[in-house]
Amino acid sequence: MFEKVAPFTLKVEFEGGAHQVIDFQPVLRGEVYGPLNDTRVFDQACLDEEVHTIVWPNGADFDPAT
């Protein structure tokens, strides 16, 4: 589960109930992650229920272990 708390920043809840606020902007570069610098793209984040990670329609994703 996650919620947007600021531009490019999500509050993520992990299994076990731990929460962390993550600012993704420092890693938003390159071919896959660069497009997420556009808030309209970043705000399309959703949770992939099968693999339990945050994903975007352009194919970008972030592994919960990261």
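Candidates in the range 4-22 are the residues that are at pLDDT 95 or above and of a type in the set (D, E, K, R); of these, the one that is most open to solvent (accessible area, probe 1.4 Å) is Lys4.
Taken over the range 34-46, the residue count meeting the criterion of being open to solvent by 60 Å² or more (accessible area, probe 1.4 Å) and either acidic (Asp, Glu) or modelled with pLDDT under 95 (or both) is 1. For the range 30-37, the condition of being hydroxyl-bearing (Ser, Thr, Tyr), outside any helix (DSSP H, G or I) and under 11 Å from the mean Cα position of the chain (by Cα) holds for none of the residues.
The values are calculated or read from the model by the stated rules, or taken from the named source; none is laboratory data. Bear in mind that the values here come from a model prediction, so they are computed numbers and not experimental data. Protein only, heavy atoms only, side chains kept; ligands, DNA and RNA dropped before computing areas. Shrake-Rupley method; radii C 1.70, N 1.55, O 1.52, S 1.80 Å.
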